[in-house]
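Comments concern the structure below.
The values are calculated or read from the model by the stated rules, or taken from the named source; none is laboratory data. These numbers were taken from a predicted model, which means no experiment stands behind them. Here the Cβ is made from the backbone with ideal geometry for all residues, glycine too, and neighbour counts use every protein chain on show. Quick note on the areas: whole protein, heavy atoms, side chains included, nothing else; ligands and nucleic acids left out. Shrake-Rupley method; radii C 1.70, N 1.55, O 1.52, S 1.80 Å.
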Amino acid sequence: RHPVHGWVEVATFGMYSPSALAEYGIGVPVMNLGLGVERLAMIAYNSNDVRQLCYPQFFPRLLSDREIARAVHLREEPVSVEGKILAAAIARVAAANGTAQGPCVFDAWEGSLGGTSVKVVVEETESNAKLCGPACANEIYVHEGSVLGVPDAEKWKQVRTEGVPTGISYLSSVSALAAARIEEAARCGKAATVQVKIAKLPSDINLKIDEYAMRFITDNKKKVDVRGPVFLSVRSVIKE
């Protein structure tokens, strides 16, 4: 008995006709019993639709904001301990001096990466431009199925209050990208410059969204909006 559909047929039973068996030279009675395993499973798991139970790929389940938030990750990250320290240092120095007017240069970190001594700076080379763009302080939230990059402002209070934070800010994700690229270049004994300007797509700020969550977002006409002016430049220098 199904809790919603009531009595459900779960098996077929019968005796084969002797005339049908005679066609195969079988002279003894034969019984047939066929169980509908899918229907038994439907009852056991309280599923209301056997098609949805057997072919879940055609019936994607609803994802909560928290589940979507867990599907948002960084595309590139440093792999070494020093690289992770570098990423944190870049974010810290950029946050502390974000409003400084260019041209300006701030030392972020100095040490060894992959056996190469490097010095890393956060800089702005243009005059009358700030070290960090206004979107650097944006944070990634999931609200009502949408992935949004929002600042700490009254306009976005509802998103920040009701939404689920991913724990990722534009600054932290871009800092991880810069550290990863500088770390990779240092292994080859090379310097590197990483610049992030206007963000339009998640990849622009070093974000990726797992395919299953992205499919849910598009299927349900939700959105991914992480646009904003980041304008962060990080440069490494090889030390002799």
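Tabulated data for the structure shown
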quantity	calculated
Among (1) in a strand (DSSP E or B); (2) among the polar types (S, T, N, Q); (3) out of contact with any strand residue (DSSP E or B) (no Cβ under 8 Å at 6 or more places or on another chain) - the single one residue 195 does not satisfy	(3)
Count of residues meeting criterion [over 20 Å from the mean Cα position of the chain (by Cα) and either among the polar types (S, T, N, Q) or open to solvent by less than 80 Å² (accessible area, probe 1.4 Å) (or both)] in the range 58-68	1
Any hit, the range 29-49, residues being open to solvent by 70 Å² or more (accessible area, probe 1.4 Å), closer than 30 Å to residue 221 by Cα and without any contact (Cβ under 8 Å) to a residue 40 or more places away in the chain	yes
Residue 221, sole failed condition from (1) touching a Gly at 6+ places or on another chain (Cβ under 6 Å); (2) free of Cβ contacts under 8 Å to residues at least 60 places away in the same chain; (3) of a type in the set (Lys, Arg)	(1)
Meets criteria (open to solvent by 40 Å² or more (accessible area, probe 1.4 Å), under 28 Å from residue 230 (Cβ atoms) and free of Cβ contacts under 8 Å to residues at least 60 places away in the same chain) for residue 103	yes
Filtered residue count, the range 139-153, keeping only those that are free of Cβ contacts under 8 Å to residues at least 60 places away in the same chain, open to solvent by less than 10 Å² (accessible area, probe 1.4 Å) and farther than 11 Å from residue 165 by Cβ	0
Members of the range 69-86 found to be open to solvent by less than 80 Å² (accessible area, probe 1.4 Å) and either among the hydroxyl-bearing types (Ser, Thr, Tyr) or within 17 Å of residue 205 (Cβ to Cβ) (or both), listed by number	69, 71, 72, 73, 74, 76, 78, 80
